[in-house]
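J.: Quick one: the structure is below, questions incoming.
The values are calculated or read from the model by the stated rules, or taken from the named source; none is laboratory data. Bear in mind that the values here come from a model prediction, so they are computed numbers and not experimental data. Virtual Cβ from ideal backbone geometry, glycine too; neighbours counted across all protein chains shown. Just the protein is used for accessible areas: all its heavy atoms, side chains included, with ligands, DNA and RNA removed. Shrake-Rupley method; radii C 1.70, N 1.55, O 1.52, S 1.80 Å.
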Amino acid sequence: MKDLLPKGVRVQGERGIAFVIAGPSGAGKSSVISALLSRDPRLVFSVSATTRPRRPDELHGRDYYFLSEEEFDRLIAQGELLEWTTYQGYRYGTPKAEVVDRLKDGLDVVLNVEVHGARAIRAAGLGFPVVLIFLVPPSWEELVRRVRSRGTESEEALAERLRIARAEIQCIPEFDYLVVNDALPEAVARVEAIIQAERMRIIRCA
Ligand code: 5GP
């Protein structure tokens, strides 16, 4: 296809793109991302570092790098994190290598972060396109139901997640796309449509 393009034009998908998926607790970010990764070999997941304890269904190196406070401190001190934040008393951060090295290899990177992380990744000036996607449940009522049904946390922690969710929703104007997750297959298809469209975007280079 390249041989028929006029001079000074390329499609965005020739190079790596970062797709940042944010959204409140209960939006279903992890489920949507797992489905995306299983269907598209060009997508790779940016595994974050965290000081949160591992949940029974999670794997070190696949879902997160589960680190001690000291190990996390070291990553910050060595400048190895693209961004990091504190969420419900635990620290979460994006290792630079997870994102930058893969984008340079021409892969598309998917990130699961909260809103401050999304903002910071866009502001980081990676030299690669960053697409911000905000995922929401179909209603506030459904969000509360999903957060409750997780059942892994205390009432206090649940209330805190809801408070954070309310604040996160206020950040929607900073995002490029809003995807409603009413049913997983539809939500996955919507995000895939965004990914396809962004890869086909025409870039005019001088
Ligand atoms: P959880 O503990 O439920 O896995 O994640 C809590 C929150 O931290 C979620 O909103 C998730 O998107 C966010 N998160 C996970 N990894 C990162 C990261 O590397 N950076 C930022 N800023 N947020 C993260």
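J.: Once each part is reduced to its C-alpha centroid, what is the distance from the range 8-48 to the range 103-139 in angstrom?
T.: 8 Å
J.: What residues from the range 7-50 fall in the zone where the backbone N is under 11 Å from a label point 7 Å along the Cα-to-C-beta line of residue 186?
T.: So the set is empty, nothing qualifies.
J.: Here is a follow-up. Would you kindly state how much longer the chain becomes between residue 85 and residue 71 on full extension, computed as 0.36 nm times their sequence separation minus their alpha carbon distance, in nm to one decimal?
T.: Here the segment from residue 85 to residue 71 would lengthen by 3.5 nm.
J.: In debye, nearest 20, what is the charge dipole magnitude of the chain about its Cα centre with +1 on Lys and Arg Cβ and -1 on Asp and Glu Cβ, if you could check?
T.: The calculation lands at about 640 debye.
J.: On the protein heavy atoms, probe 1.4 angstrom, tell me the percent of accessible surface of the range 1-120 carried by carbon and sulfur.
T.: C and S atoms contribute 52 percent here.
J.: State in Å² the accessible area per residue of the chain; use a 1.4 Å probe, count heavy atoms of protein chains only, and round to the nearest integer.
T.: For the chain, the per-residue accessible area is 53 Å².
J.: Run lengths n ≥ 4 of DSSP H only: what is the helix-derived mean residue ellipticity at 222 nm for the chain, with -39500 (n - 2.57) per run over all residues, to the nearest 500?
T.: -12000 deg cm²/dmol
J.: Under the Kirkwood approximation applied to all pairs of distinct alpha-carbon atoms, what is the hydrodynamic radius of the range 73-206 in Å?
T.: Value: 17.0 Å, from the Cα pair sum.
J.: Right, next: Only bridges with both residues in the chain count here: give the DSSP antiparallel percent, nearest 5.
T.: 35 percent
J.: Taking the Cα-to-Cβ direction at residue 78 and at residue 10 and moving 7 Å from each Cα, how far apart do the two end points lie in nm?
T.: Roughly 3.2 nm, to one decimal.
J.: Return the Rg/Rh ratio of the range 166-206 with Cα-based radii and a Kirkwood Rh.
T.: Rg/Rh for the range 166-206 comes to 1.11.
J.: Taking the Cα-to-Cβ direction at residue 104 and at residue 42 and moving 7 Å from each Cα, how far apart do the two end points lie in nm?
T.: 2.1 nm
J.: Turning to a different aspect of this structure: I'd like the orientation of helix 155-169 relative to the chain: the angle between its Cα long axis and the longest Cα principal axis, in ° from 0 to 90, rounded to 10.
T.: Roughly 30 degrees, rounded to the nearest 10.
J.: Report for the range 29-110 the percent antiparallel among DSSP-assigned beta bridges with both residues inside it, nearest 5.
T.: If we restrict to bridges inside the range 29-110, about 55 percent are antiparallel.
J.: Using only C-alpha positions, report the orientation-averaged shadow area of the convex hull of the range 1-91, nm², one decimal.
T.: Dividing the Cα hull surface by four gives the mean projection, 9.0 nm².
J.: Also, I was wondering about something else. Local charge sum around residue 90 (other residues, Cβ-Cβ under 10 Å, Lys/Arg +1, Asp/Glu -1)?
T.: Every neighbour counted, the sum reads +1.
J.: Starting from the Cα of residue 104, draw a straight line to each of the lysines and keep only those under 24 Å, dropping any in the same chain fewer than 8 residues away.
T.: Excluding near neighbours in sequence, the set is 2, 7, 96.
J.: How much length is gained if the chain between residue 1 and residue 169 is pulled fully straight, taking 0.36 nm per residue apart and subtracting their Cα-Cα distance, in nm to one decimal?
T.: So the extension gain works out to 56.4 nm.
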